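Heads up, the thing below is written out as structure tokens.
The values are calculated or read from the model by the stated rules, or taken from the named source; none is laboratory data. Worth saying up front: this structure is predicted, and the values here are computed from it rather than measured. Cβ placement follows ideal geometry from the backbone for every residue including glycine, while neighbour counts extend to all protein chains displayed.
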């Protein structure tokens, strides 16, 4: 069971050449058990609103389409995830990534990410 970080979702949907060979292989192998944190939807929407990301439709429509076409299951953020994100060591200061890390810990998921700051957390397994 794999949790895709935000850049992995963006690359899976658009620039698959940016994904590592291992990431592509794992995503294909676990295509029935792919998850994303809803915070990734927030990040994608903010990037689109700020003009840092061009999508062919609204962020909400795009995310729905990507989830449907790749079988990605969104995981909601709840109080346990929010609190866990605040209890993590400050190895990574990005709040969205801390929520992704907390989601992986509490759902017992490995994260597909190239982010070395996320890899610094020993409570989770990162793959790339």
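Look through 57, 36 and report the one residue that is outside any helix (DSSP H, G or I) and surrounded by 12 or more Cβ atoms within 10 Å (Cβ to Cβ).
Going through 57, 36 in turn, the sole match is 36.
Need the failing condition index for residue 49 against (1) closer than 17 Å to residue 3 by Cβ; (2) touching a helix residue (DSSP H, G or I) at 6+ places or on another chain (Cβ under 9 Å), just the number.
Among (1) closer than 17 Å to residue 3 by Cβ; (2) touching a helix residue (DSSP H, G or I) at 6+ places or on another chain (Cβ under 9 Å), residue 49 violates only (1).
Only one of (1) part of a helix (DSSP H, G or I); (2) surrounded by 12 or more Cβ atoms within 10 Å (Cβ to Cβ) is not met by residue 17, so which one is it?
Unmet condition: (2).
If I filter the range 104-128 down to residues being assigned to a helix (DSSP H, G or I) and in contact (Cβ under 8 Å) with a residue 60 or more places away in the chain, which single residue comes out as nearest to the chain's Cα centre (by Cα)?
Step by step, filter the range 104-128, then rank; the result is 104.
Which of the residues spanning the range 39-54 are surrounded by 18 or more Cβ atoms within 10 Å (Cβ to Cβ) and without any contact (Cβ under 8 Å) to a residue 60 or more places away in the chain?
Hits for the range 39-54 are 41, 43, 44.
Enumerate the pairs (first residue in the range 69-80 and at negative phi and touching a residue at least 12 places away in the same chain (Cβ under 8 Å); second residue anywhere and surrounded by 11 or more Cβ atoms within 10 Å (Cβ to Cβ) and part of a loop (DSSP other than H, G, I, E, B)) with beta-carbon separation below 9 Å, excluding pairs fewer than 6 apart on the same chain, so at least 6 apart or on different chains.
70/31; 73/33; 75/109
Go through (1) farther than 12 Å from residue 4 by Cα; (2) assigned to a helix (DSSP H, G or I); (3) in contact with a helix residue (DSSP H, G or I) (Cβ under 8 Å, 6 or more places away or on another chain) and name the single condition residue 101 misses.
(1)
Hey, can you tell me all the residues within the range 94-125 that are surrounded by fewer than 19 Cβ atoms within 10 Å (Cβ to Cβ), at pLDDT 95 or above and in contact with a strand residue (DSSP E or B) (Cβ under 7 Å, 6 or more places away or on another chain)?
Across the range 94-125, the qualifying residues are 107, 110, 125.
Among 91, 2, which is at pLDDT below 95 and in contact with a helix residue (DSSP H, G or I) (Cβ under 8 Å, 6 or more places away or on another chain)?
It is 91.
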